[in-house]
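Colleague: Mind looking over this structure? Questions follow.
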Amino acid sequence: MFEKLTLLPLSNFIRNKSIQNFLFLGIIQSSNVLISIISMPLLIQSIGVDQFGLVNLALSVIVIMNVLVVYGFNLSAPREVAINQQDKATLSHLVSNIFSGKIILAAIATILILVGAFGFNLFQEYQLILVFSSLLLFSEATLPLWFFQGMEKMKLVSIANIFSKLLFLMGIVLFIHSPEQSHWVNFMLGLFGLIINILLIFYINRVLGIKIIKPEWSEILKSYIQNFLLFLSSATSFISTNGGLIILSFFSVAETLGMYSLAERVVMVLRLFPALIIQAIFPNASKLYQADPVRFYKFLKNVYLRVLLAGIFISAGTHFAAPWIIQVLSRSDLQESVMYLKILAAVPFLACLNVGNVTLLLVADLKELLFKASWMMCVYMIIVSAILTYYFGGIGLCFGIISTEIIVFLICLVLLYRHEKNLVHGFYS
């Protein structure tokens, strides 16, 4: 009976490694969001609203510095691991070099924070919190998500992520009881993450047989050079997707910022869907592109159609459920937030349009084109959103964000057609 069950299409669907990658990446992101929601009232109650704001402000600085620590390895490393899944010697070199390279970047980012805090007396209100938060940089540097993603074995790392976040919650309950202890909040988040990451590295070494060897400094430098455009692409993409609130802050009052921020948070969580899809299919797509282009295009087309259908469902559901979503999150009837969310609900679907183009750019290792698309998107978003926000406020910003998603799809398509017509014909024909 069980043998028959495994023949069912649903069983095959679930056992598909790309689907598993997506599910486990979704679990990681969902658990991060859920823990964040659960921890908010606990922290506000224990350290107060003011210190809670400073803790989040320090975390925002760390998130920006993490763009440097990641340095494009989240895009390039899974591809290299996927291509060399069966070659333990090559994987040993890759793992050792990438971990070493990211730790060096974490050290540089920490030095920059320390110099800014104590050399130039920046971050005055939250210097101590930010310094203690720097441990999160090393937690990010040692996170082996890219390795398990490339190996298409996401179950363990997703469970480990949930466990580290639960330890963080337990730490808040047991150790954080007053505003004077606020500097320990992000420190504990980084500490528990770092401990779990070290255990995962031990698993990679002992169980999977991937040796941690002396890093090759020339290869690390080479990877920095090769990933430079990916790093710039990530930085510009970060600005494009997270810069709306900063632009709005120049033209609107605090109340409008709060209303928009609530709607934007919901949309940014939903917008993770196409990004998760790309991360999930990337390892398998890279292998198919190298081994069998015909199967690669067929695979990507099937994924793309399903992603578009899911995107339509997500956007439509968000639009019609906007009043209920805002009511649940804010426990009040904020009509302005509802209006923003209804407009921004189109973003997840529009972001799904570019899944095919971005996947083509990544598997073909077209870093230069990806960078061009990223900075062009960034420039467009800043200029158009600033103009629309100046004249129409929050509604103008919403339409600026929506138009950016459309423009970046067209930019990627045109760049691909001009430089790699065969990829465009293979996928869209």
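This table checks each residue for (1) of a type in the set (Asp, Glu); (2) open to solvent by 20 Å² or more (accessible area, probe 1.4 Å); (3) outside any loop (DSSP other than H, G, I, E, B).
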| position | (1), (2), (3) |
| --- | --- |
| Val307 | no, no, yes |
| Ala310 | no, yes, yes |
| Phe313 | no, yes, yes |
| Asp333 | yes, yes, no |
| Thr359 | no, no, yes |
| Tyr391 | no, yes, yes |
| Leu413 | no, yes, yes |
| Tyr417 | no, yes, yes |
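Colleague: Looking only at the stretch 361-389, count how many residues are small (Gly, Ala, Ser), within 24 Å of Pro293 (Cβ to Cβ) and open to solvent by less than 10 Å² (accessible area, probe 1.4 Å).
Modeller: Here is the first cut: in the stretch 361-389, the residues small (Gly, Ala, Ser) are 364, 373-374, 385-386.
Narrowing the set further to residues that are within 24 Å of Pro293 (Cβ to Cβ) leaves 364, 373.
Okay, now just the ones that are also open to solvent by less than 10 Å² (accessible area, probe 1.4 Å), so 373.
The total comes to 1.
Colleague: So, one more: So is Ile343 among the hydrophobic types (A, V, I, L, M, F, W, C), within 30 Å of Val303 (Cβ to Cβ) and out of contact with any Ser or Thr (no Cβ under 7 Å at 6 or more places or on another chain) or not?
Modeller: Yes.
Colleague: Here is a further query. Criterion first (surrounded by fewer than 16 Cβ atoms within 10 Å (Cβ to Cβ), over 21 Å from Ser429 (Cα atoms) and of a type in the set (S, T, N, Q)) does Gln279 satisfy it? Outline the logic, then answer.
Modeller: On the way: surrounded by fewer than 16 Cβ atoms within 10 Å (Cβ to Cβ): no; over 21 Å from Ser429 (Cα atoms): yes; of a type in the set (S, T, N, Q): yes.
Criteria not met by Gln279.
Colleague: Could you check the stretch 169-210 and list, in sequence order, the residues that are open to solvent by less than 50 Å² (accessible area, probe 1.4 Å) and β-branched (Val, Ile, Thr)?
Modeller: Within the stretch 169-210, Ile172, Ile176, Val185, Ile196, Ile201, Ile204, Ile210 meet the criteria.
Colleague: Could you grab me the full set of residues in the stretch 104-132 that are open to solvent by 70 Å² or more (accessible area, probe 1.4 Å) and touching a residue at least 12 places away in the same chain (Cβ under 8 Å)?
Modeller: Ile108, Leu112, Glu125, Leu128
Colleague: On the given criteria, is Ala346 buried (at least 18 other Cβ atoms within 10 Å of the Cβ) and over 22 Å from Ala235 (Cβ atoms)? Talk me through it step by step, then tell me what you get.
Modeller: On the way: buried (at least 18 other Cβ atoms within 10 Å of the Cβ): yes; over 22 Å from Ala235 (Cβ atoms): yes.
Answer is yes for this residue.
Colleague: If you don't mind, there's one more thing I want to ask. Any residue that is part of a helix (DSSP H, G or I), closer than 30 Å to Gln279 by Cα, open to solvent by 50 Å² or more (accessible area, probe 1.4 Å) and touching a residue at least 40 places away in the same chain (Cβ under 8 Å) - is there at least one of those in the stretch 140-154? Walk me through how you get there before you give the answer.
Modeller: Of all residues in the stretch 140-154, those part of a helix (DSSP H, G or I) come to 140-141, 145-151.
The next check asks that each one be closer than 30 Å to Gln279 by Cα; those that pass are 140-141, 145-151.
Now drop any that are not open to solvent by 50 Å² or more (accessible area, probe 1.4 Å), which leaves none.
The answer is no, given that none of the residues of the stretch 140-154 is part of a helix (DSSP H, G or I), closer than 30 Å to Gln279 by Cα, open to solvent by 50 Å² or more (accessible area, probe 1.4 Å) and touching a residue at least 40 places away in the same chain (Cβ under 8 Å).
Colleague: Please tell me if Val328 is farther than 23 Å from Ser158 by Cβ, open to solvent by 40 Å² or more (accessible area, probe 1.4 Å), part of a helix (DSSP H, G or I) and out of contact with any helix residue (DSSP H, G or I) (no Cβ under 9 Å at 6 or more places or on another chain). Can you show your working first?
Modeller: Details: farther than 23 Å from Ser158 by Cβ: yes; open to solvent by 40 Å² or more (accessible area, probe 1.4 Å): yes; part of a helix (DSSP H, G or I): yes; out of contact with any helix residue (DSSP H, G or I) (no Cβ under 9 Å at 6 or more places or on another chain): yes.
The answer is yes for Val328.
The values are calculated or read from the model by the stated rules, or taken from the named source; none is laboratory data. Model, not experiment: these values are computed from the prediction. Don't worry about glycine lacking a Cβ; one is built from the backbone with ideal geometry, like all the others, and counts go over all protein chains shown. In case anyone asks, the SASA skips ligands and DNA or RNA and just uses the protein heavy atoms, side chains included. Shrake-Rupley method; radii C 1.70, N 1.55, O 1.52, S 1.80 Å.
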